[in-house]
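Below is one structure, written out as structure tokens; comments come after it.
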Amino acid sequence: MADPSSYRPEPGQIPDSPGVYKFRDEHRRVIYVGKAKSLRQRLASYFQDIANLHPRTATMVTTAASVEWTVVSTEVEALQLEYSWIKEFDPRFNVKYRDDKSYPSLAVTMNEQYPRVQVMRGPKKKGVRYFGPYGHAWAIRETVDLMLRVFPVRTCSAGVFKRSAQIGRPCLLGYIGKCSAPCVGRVTPEEHRELAEDFCDFMAGRTGTYLTRLEQQMHEAAEEMEYEKAARLRDDIGALRRAMEKNAVVLADATDADLIAVAEDELEAAVQIFHVRGGRVRGQRGWVTDKVEAVDTAGLVEHALQQLYGEEKGEAVPKEVLVPVLPEDTGALGQWLAGRRGSNVSLRVPQRGDKKALMETVHRNAQQSLALHKTKRASDLTTRSRALEEIAEALELDGAPLRIECFDISHLQGDDVVASMVVFEDGLARKSEYRRFQIKSFEGQDDVRSMHEVVSRRFRRYLQEKLKTGEWSPEDGEDPPTEDDGRPRRFAYPPQLVVVDGGQPQVAAAKRALEELGIDDVAVCGLAKRLEEVWLPGEDDPVVLPRTSEGLYLLQRVRDEAHRFAIQYQRNKRGKRLKSGPLDEVPGLGESRKQALVKHFGSVKKLRQATIDQICEVPGIGRKTAETVAAALAQAPPAGPAVNTATGEIMEDETPAPAGAASERGTEL
């Protein structure tokens, strides 16, 4: 691991101009490529105190052994050079979007004498019209099958076309009317090219004029009593409309745009792109990538734009690109996109209307793509087995940890402190075994003390279950652990590994809790979020698993699930507390009787003024309950006045609130 100060350039050596820089490791391999408006300012940011750097940036600068740069004249040139170098050197610390598959497109080979309609993958060729990309090849074939009835363009390969021309007999499509059979001279090359151009126009969204013309021809044929021709035109119109239904209009005014959305967590990011042409969604694609560099959403969008349009030219770059957030170098990116298209390109964030609604749809697709990626990775049996083996090897366990329990603490500035316990068995979440805890032994914020309490309570219940079954008995004079909350005891199965969300202090607290209970056969580790390091009890240095390790990925999933479950419980608890009132403190008073009391008297203020006999008049309220309610309300502080938030007016209880006006009261229920 190199010291960044060992290869730091002298301040006067770095020019204060736009450029692109490369970090290289000790073997001269390029590990990171970046661009900057000012090379001096950007490179200086890498050579500050490592403690102030983002963990991923710190890892990069300590892996590097040298840095070099190239000065360019404009930011657009820097953007182009950065893209070229990333493709050339494939740096390990740069975000790279890689397709998990090659997306197919519908292609029309207008560069041939007899244009052909086919499914194409891979790089685009000159003189070929492309539509898409599509998620599945079968979607293209279904559309083409409907379109060939009206536009009988050639779809056969060069070999089939040549053979049919030699024998003077068309293929099956020529006999059933789904090919105009140019191979045997049924149409001239010019007529066939006109069919192909009509096909392209229709796919490009210019559908209204063509459908109107067909409908007019159908009516004319019917008036002339050419009913067979009219029926054929009717069927053609129906086929075209079914093809159009597969790509419904989503944006008005025949808009050409690409919409890009990003869903991310701390480790990975998913990008989804919708290609809208002529107001219709013509294609969709997406990627999932590891966030190997310190990058925010704006940076992810910039990388996605480079990936999408780095090899595109002309109409392949749309007039409008809609993104969730604007990248930092919006001006340079706009010029770069305009240069690739040959005309202006609008790069903006949709604020309202149909485009914003469609962007929300694209974002939901990105979220689902990220969730599906994680689910697929977690559900693979071989991957889970390898992950458990890697964890056992890294932590020097006797065997694979088939049951892992993870604990996390959550609070809001020291209030509503709660904890969660999640369980993974054989690498999969066992949600029926999840548990939630309220911190009871103290008030305030102390994550280490909270972790000790939660782990102690969980394993105290485990010992209770062993005591109940006779598998464990306390030593002479030792009192068995007890629980007085009356909850069902469902902690009979011990884990092989306890994971805590945190570093050395939390790990030490969990280990101390186990030792106090005499448990020495459960391993403990902590996963620190800052650098994704694995901490073991009593060790000064963490265990660092490779970023590509399936074991690290499983530990991260376990930790993130515990974090999610703890936050959910903490928010629910806080929400209930904010909605609580003096009647909630009355023992034995359920929700139905609370509502009956408030409904009978109209407000808590009037209920507070009622006598015990008046309270007894409420159905379901006995004298003992009425006395308890009256005593609880007498001890509780009075509620604040009701305020009409529409006017700011303080309202009296006797005056009913106007219809539709919102009111804000003090604590009532």
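³J(HN,Hα) across the stretch 88-95 via Karplus (A = 6.51, B = -1.76, C = 1.60, θ = phi - 60°), whole Hz, x for Gly/Pro?
In residue order, the calculated couplings are 6, 9, 6, x, 6, 9, 9, 5 Hz.
Between residue 346 and residue 211, what FRET efficiency follows from the Cβ-Cβ distance if R0 is 22 Å, with the result rounded to 0.05? Let's see the in-between values first.
Values: r = 30 Å, r/R0 = 1.36.
Between residue 346 and residue 211 the formula returns 0.15.
Quick check on the stretch 297-397: what are the equivalent-ellipsoid semi-axes from the Cα gyration tensor, as sqrt(5λ), descending, whole Å?
39, 17, 13
Under 5 Å between amide hydrogens, which residues at least 5 positions from residue 294 or on another chain qualify, with H placed 1.01 Å from N in the peptide plane?
Placed amide hydrogens put 57 under 5 Å from residue 294.
Near the amide H of residue 589, under 5 Å away, which other amide H atoms are found, from residues 5 or more places off or on another chain, if H is placed in the peptide plane?
Hits under the 5 Å cutoff: none.
Whose amide H sits under 5 Å from the amide H of residue 19, counting only residues 5 or more places off or on another chain, with H placed in the peptide plane?
36, 39, 72
Residue by residue, what Karplus-based ³J(HN,Hα) values in Hz, rounded to whole numbers, does the stretch 153-164 have, using 6.51, -1.76 and 1.60 with θ = phi - 60° and x for Gly and Pro?
Residue by residue, the stretch 153-164 yields 8, 4, 10, 7, 6, 5, x, 5, 4, 5, 5, 4 Hz.
Contour minus end-to-end for residue 531 and residue 548, with contour as 0.36 nm per residue of separation and end-to-end as the Cα-Cα distance? Before the final figure, lay out each step's value.
Numbers: separation 17, 0.36 × 17 = 6.12 nm, distance 1.43 nm.
So the chain would gain 4.7 nm between residue 531 and residue 548.
Quick one: what are the phi-derived ³J(HN,Hα) couplings along the stretch 540-550, Karplus 6.51/-1.76/1.60 with θ = phi - 60°, whole Hz, x for glycine and proline?
Result, ordered by residue: 7, 10, x, 8, 9, 8, x, 5, 8, 6, 5 Hz.
Coordinate-derived values only; no laboratory data. Remember, predicted model here, so these are calculated numbers, not experimental data. Positions of Cβ are generated from backbone atoms using ideal geometry, with glycine treated the same way; all protein chains shown enter the neighbour counts.
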